[in-house]
Amino acid sequence: MLPSNREKFSKDKLKFVSFELPPALKSPNVACFVIGESLSFFGSWMTQIALVWLVYQLTNSAILVGIAGFTNQAMGLIITPIVGVLLDRWNLRYVLLTTQLTSIVLSSTLTFLTISDRINVTWIIIIGTLQGTVKAFDLPARQVIIPRLVDKKADIYSAMASHSFLINTAKFVSPMIGGLLIATSGAASCFLVDSISYLPFLSAILTIQVKPVLNKLSDRKAKIWQNLKEGFVFAYDFFPIKAVLGLQIVICFMAMTHVNLMPIFAKEILHGDAKTMGFLMTASALGSIISGFYLVFRKQAIGLENIVARSAAILGLSLIIFSRIQNLETCLIFMFIIGMNTSLTLASISNFIQLVIVDENKRGRVTSIFTTGFLGILPFGNLFFGGLADRIGVTNALLFGGACCIIGAYFFSRKLDTIKRIVHPIYVDMGIVS
């Protein structure tokens, strides 16, 4: 009787483990990639936090903090749409190898300049611009390659959710460690860790197997501008993608910019230092990782549009309440909610887009449009809210952003029925629903 009970327990345990593991991560190909990239994101987030704090420490100016954030990501708006066309033509493995090697050089340069006490705002803006250019190629390339790593189309959602989850895990760890490193060893230690963090991802890129995509001959011969126009026309004509991209622009401009305002909020409102900022960012990142858990372990891919509408509304309300609080403990609670719903909104939009794209030859272009909304709109938001915080105060700037998010969520929610009707046949073809 005892052996049979043990055998039953062993089977149940294996069944439980198999149930818990996301389908896409059962593939060593996908697991190797997403784990490697999460380590590189760990360093990237740490550098972003260190740069913002360093600019504010050097200048004590909210406007210059906004300008630094703008230059770090402005190139995304200029070149990312064209990058999407190129990604549909180029070898994605070579693109990712180039971006990682360039990122190592830039982070190593920041380390040297900071240690040698030669760092200034001019250098930060120059290197930030170069980093933004690299991101314009790197981020969409990562998203485009993931669907080409999975064995079945039905696993695309699982792979994208795992991608978002592990990135958010990096977001959770890096602010906590980054804030402590800045307070104890200075910003240079963050830049050094960033330089090293790209090495595991380089190894993963060399190891993975990428499914080839055969482009049509006419696509290969077509001019870049014609391909670019095709991508925008497709995104505009396909109503579900147009709707989620519209909301994404609102969230990136009005809500994502709160990250750049945290050094100001920590110092002026909470009367804290780098550790205070680290606590706030860690609370936000912890919320992000919880949202990642939720998306990874959802039993079905459908319903992402509902998540987008709800989380965007909760995000706006949380920003409004957060802006009125001056107590650190309460601020941490609402930063957790803000981080959770920011990631839940943007990750759900990203997963939704990858799920409903049926034409592989346009995946790079549509993904680049999404990335443009993230990298391209965000710097203008940083610039706008840096100036707004300088004029009306950081708390009122956060309140304004929250109110705009609620308005955006309301208009998006009115489109849900139309979106569901259009995407249902796609889910049927993929075998997600019957």
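Here, each number is a calculation from the coordinates, and none is a lab measurement. All figures in this text were calculated on a predicted structure; none of them were measured in a lab. Note that each Cβ is placed from the backbone with ideal geometry, even for glycine, and that neighbours are counted across all protein chains shown.
For this structure, a couple of remarks:
- Note on segment 301-322 and segment 336-357: Cα centroid distance 9 Å, given to the nearest whole angstrom.
- Each Cα pair under 8 Å and six or more residues apart adds its separation to the average, and for segment 26-430 the resulting relative contact order is 30 percent.
- Computed from Cα positions, the angle between helix 121-145 and the longest principal axis of the chain comes to roughly 10 degrees.
- For segment 385-434, trypsin sites (Lys or Arg not before Pro) meeting the loop criterion (DSSP other than H, G, I, E, B) and having at most 16 other Cβ atoms within 10 Å: ARG414.
- Two-site FRET efficiency, SER185 against SER61, from Cβ-Cβ distance with R₀ of 22 Å, rounded to 0.05: 0.35
- A crude spin-label estimate for the pair ILE333 and ARG421, with each label 7 Å from Cα along the Cβ direction, gives 4.3 nm.
- Gain upon complete extension [PHE232, ILE78; 0.36 nm per residue less C-alpha separation]: 54.0 nm
- Least to most buried among CYS190, CYS252 (fewest other Cβ within 10 Å first): CYS252, CYS190
- Diagonalising the gyration tensor over the Cα atoms of the chain and scaling each eigenvalue by 5 before taking the square root yields semi-axes of 33, 26, 24 Å, largest first.
- Based on DSSP H segments of at least four residues, each scored -39500 (n - 2.57), the chain has a per-residue ellipticity at 222 nm of -27500 deg cm²/dmol.
- Quotient of the Cα radius of gyration of segment 229-376 and 2.2 N^0.38 Å, N being its number of residues: 1.15.
- The TYR410 and SER108 beta-carbon pair, evaluated with R₀ = 41 Å, returns a calculated FRET efficiency of approximately 0.30.
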